[in-house]
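Novice: Below you will find the structure I want to go over with you.
No lab work stands behind these numbers, since they all come straight from the coordinates. Model, not experiment: these values are computed from the prediction. Glycine also receives a Cβ, built like all others from the backbone with ideal geometry; neighbour counts cover every protein chain displayed.
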Amino acid sequence: MATFAVSGATLGVARPASAGGGLLRSGSERRGGVDLPSLLLRKKDSSRAVLSRAASPGKVLVPDGESDDLAATPAQPEELQIPEDIEEQTAEVNMTGGTAEKLQYSEPTQGIVETITDGVTKGVKELVVGEKPRVVPKPGDGQKIYEIDPTLKDFRSHLDYRYSEYKRIRAAIDQHEGGLEAFSRGYEKLGFTRSAEGITYREWAPGAHSAALVGDFNNWNPNADTMTRDDYGVWEIFLPNNADGSPAIPHGSRVKIRMDTPSGVKDSISAWIKFSVQAPGEIPFNGIYYDPPEEEKYVFQHPQPKRPESLRIYESHIGMSSPEPKINSYANFRDEVLPRIKRLGYNAVQIMAIQEHSYYASFGYHVTNFFAPSSRFGTPEDLKSLIDRAHELGLLVLMDIVHSHSSNNTLDGLNGFDGTDTHYFHGGPRGHHWMWDSRLFNYGSWEVLRFLLSNARWWLEEYKFDGFRFDGVTSMMYTHHGLQMTFTGNYGEYFGFATDVDAVVYLMLVNDLIHGLYPDAVSIGEDVSGMPTFCIPVPDGGVGFDYRLHMAVADKWIELLKQSDESWKMGDIVHTLTNRRWLEKCVTYAESHDQALVGDKTIAFWLMDKDMYDFMALDRPSTPRIDRGIALHKMIRLVTMGLGGEGYLNFMGNEFGHPEWIDFPRGPQTLPTGKVLPGNNNSYDKCRRRFDLGDADFLRYRGMQEFDQAMQHLEEKYGFMTSEHQYVSRKHEEDKVIIFERGDLVFVFNFHWSNSFFDYRVGCSKPGKYKVALDSDDALFGGFSRLDHDVDYFTTEHPHDNRPRSFLVYTPSRTAVVYALTE
């Protein structure tokens, strides 16, 4: 019995096939990470894609000869190519040891469209007994976008063509696959599926000449379990149960598919594998047949929370969530970090790096196994336990999902899976992201649509995630991927030659699926381009996201932090925070994980730099740099939350001004040019979160953490981020003052470095008594307590700053004060 060490679990691998079933214990009470090195394999790129119709020619936008803008002139849409010779055919399938059954072909499209009945799924078009039917609503007319934004009428040809393509694909899926609900359950047909009689394994690999299932269960003998291929490139094998009724492949066994391909003989991990691990001393990961006994399967105990009106998201990474220099576990995050997130006042946790990735330092963005949760942190059951605990605490759990690209790895990823360059990806340069060194999906391929839609469905269904943050959406929507491109807001930049309509249609489909089957699920898109209609519902003609990440805000703060305080323009700050599209919601943030990576700095480190090493203890005198840094750190975060959007995000640790940067463990790397990049001796020192700093009552970090907590609870109480009433009444460049209203709150920011103002008149709309609801200068928050919180502020009928009423306040320098209407 060979044993693999996995965080929070022991994975026993049985060999040979006659041995008893492998054992995978949940181990949810164990703590700590796994001390296994993880290296990224760089191989030549090869893959293969299947197109069910002409791809790029029908998607190109051509310039209108009578206009300066790029007009979207659609080509004639082509019908899905249905092989005439297989309409209404049936094919016998010999399932050794089981019952010979039939696969029904009914006008199939390119790919797999058979309805399979094997005693477990009862057919992908049939519902599980007792399950409430879920149906994705039919498409709308896609015309409401022109009411919302009449300017879009100038680009109607493009937008109408985009919507017609979406409707065409939806109609084809409805006709040939039984609808999106059935189409998105590809994991019930492909990969490993279990029935009462045995195990069926199917894999789409049209480029392969032959295939065999190999693994510990058959001593890796390529002649023992050869597979058969159907007309659509799907390889299949059925393994009947052993004589004693046990499965032919023990739970926890290593498995791969061995194929003779145009690129030679290769072993690959199933594209649909549910778990994979890296053995000690090995570089590539191994696919694991994951089917634990019923008594070891985690059973969810708590209902999923309803979607809140406003999202306050705590962005996190499981592996680096420990104060100790190690890879943390799902179990430890569940027990130690989730209660912290709840206490801080956030209502959602967004988890990065869930999908398996062989290179730890990729931050989880170079995915190798799309259906497998990362084994570095524990088992799938441990992840389910984490999510269930979050739901018990009332926290939504959002997954940072990567459908914008895939790892370049050929041994344990999708790249060159069947020995061709165009399997799941575009061929040639279009299939390679030159900056990310990764492969780019062909969203015009039928089977790619099945794979990605099923992947989104899998995480929502199997693990009970409450939604997604889609990574790299700008890269998906444009053939230039947003690289070396400055978006000015000209609509021709969004609806021109560079728009990848196939990718946009995929985003419409996946949002259709998410919102149709899981109405409370949240969909957030990482888009820096400002694509119009991005957050408009699909039936109205939009792309369908609930929120766009307001990425320009963080860039603006870094830009300002490189300047002197005197150079800060109040109007510029307000414009950046409020520059978002009408009726399209945004999640804003002052900084995310991006700003904390090596080569950059957190806001706190930009502000206080090396003084953080020596002057953060309360028993030592502060410095002007520390005082300035702590004050501005609080103000920046509050004004961002107050004006920046309908949701707010913070990367873990930044709430208390986490020092330094993030640097994953890495060794030296030799570039193709021969240049050697030094590593960090595979150190975890900068790949952890020092929560102990924020908790220490003898350090100044504690005050910043207390302020962030008070800020979250203020939003929970007043719901100001989603208030319909928002009015900016003052942007005074000389005073360096910003004043605005949201709901029944009045926010007063004094960014001046030295000037405090007595009897400063503040305009407001509602009459009555106001009191201090939040004061960044409170001693609890590391301030100087220059305000008396017992003072009542009564309005007078004195118009000011275009407001009908006003009241007088004292506004100290570098402070942010929120006044709440009490009577």
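Novice: How big is the shadow of the Cα convex hull of the stretch 191-270, averaged over all directions, in nm²?
Specialist: 5.2 nm²
Novice: Related question: Loop-only trypsin sites (Lys or Arg not before Pro) in the stretch 620-687, please: DSSP not H, G, I, E or B, and at most 15 other Cβ atoms within 10 Å.
Specialist: Lys675
Novice: Under a straight-distance cross-link criterion of Cα-Cα below 17 Å, which aspartates and glutamates are reachable from Lys771, leaving out those fewer than 8 residues away in the same chain?
Specialist: Result set, ordered by chain and number: Glu715, Glu741, Asp744, Asp759, Asp788, Asp790, Asp792, Glu823.
Novice: So, R0 is 41 Å and r is the distance between the beta-carbons of Val265 and Trp434; what FRET efficiency does that work out to, to 0.05?
Specialist: 0.85
Novice: Taking the alpha-carbon set of the stretch 724-821, what are its Rg and Dmax in Å?
Specialist: When restricted to Cα atoms, the stretch 724-821 yields Rg and Dmax of 12.5, 36 Å.
Novice: Name the long-range amide H neighbours of Ser806: under 5 Å, sequence gap of 5 or more, or other chain; modelled H, no Pro or chain starts.
Specialist: Cys764, Thr796, His798
Novice: If you don't mind, there's one more thing I want to ask. How big is the charge dipole of the stretch 724-821 about its Cα centre, in debye rounded to the nearest 20, if each Lys and Arg gets +1 on its Cβ and each Asp and Glu gets -1 on its Cβ?
Specialist: The calculated dipole for the stretch 724-821 is roughly 180 debye.
Novice: Report the paramagnetic label zone for Leu618: residues of the stretch 674-718 whose backbone N is under 12 Å from a point 7 Å from Cα along the Cα-to-Cβ axis.
Specialist: Residues 695-704, 706 qualify, since their backbone N sits under 12 Å from the label point.
Novice: Quick one: what Rg and Dmax do you get for the stretch 425-501 from the alpha carbons, in Å?
Specialist: Rg, Dmax (Cα atoms, Å): 14.7, 42.
Novice: Tell me which aspartates and glutamates have Cα within less than 14 Å of Lys138's Cα, excluding those fewer than 8 residues away on the same chain?
Specialist: Of all the aspartates and glutamates, those that pass the test against Lys138 - Cα under 14 Å, at least 8 places apart if same chain - are Asp174, Glu181, Asp512, Asp540.
Novice: Also: Using the beta-carbon distance between Ser157 and Lys297 and R0 = 51 Å, what value does 1/(1 + (r/R0)^6) give for FRET efficiency, to the nearest 0.05?
Specialist: My answer for the efficiency is 0.45.
Novice: So, one more: Calculate, for Glu559 and Ser754, the FRET efficiency according to 1/(1 + (r/R0)^6) with r their C-beta to C-beta distance and R0 30 Å; round to the nearest 0.05.
Specialist: E(calc), rounded to 0.05, equals 0.85.
Novice: Still on this structure, I have one more. For each pair in Lys167/Lys464; Lys326/Lys717; Lys167/Lys266, compute the distance between the two Cα atoms and list the pairs where it is over 32 Å.
Specialist: Beyond 32 Å between Cα atoms: Lys326/Lys717; Lys167/Lys266.
Novice: Now a separate question. Residue separation times 0.36 nm, minus the C-alpha to C-alpha distance between Thr479 and Leu677: what's the value?
Specialist: Extending this stretch completely gives an extra 68.3 nm.
Novice: Quick check: net charge around Asp555, other residues with Cβ under 12 Å of its Cβ, Lys/Arg +1 and Asp/Glu -1?
Specialist: With Lys, Arg at +1 and Asp, Glu at -1, the net is -2.
Novice: In addition: Could the peptides 218-229, 188-199 be put in order, highest first, of the mean number of other beta-carbon atoms found within 10 Å of their residues?
Specialist: The peptides rank, most packed first, as 188-199, 218-229.
Novice: Based on the mean of other beta carbon atoms within 10 Å per residue, what is the order of 641-650, 146-155, most packed first?
Specialist: 641-650, 146-155
Novice: Of all the Cα-Cα pairs you can form in the stretch 506-637, what percent are over 27 Å apart?
Specialist: Within the stretch 506-637, distances greater than 27 Å cover 38 percent of Cα pairs.
Novice: Could you state the orientation-averaged shadow area of the convex hull built on the Cα atoms of the stretch 450-559, in nm² to one decimal?
Specialist: Over all viewing directions, the stretch 450-559 projects a mean Cα-hull area of 7.7 nm².
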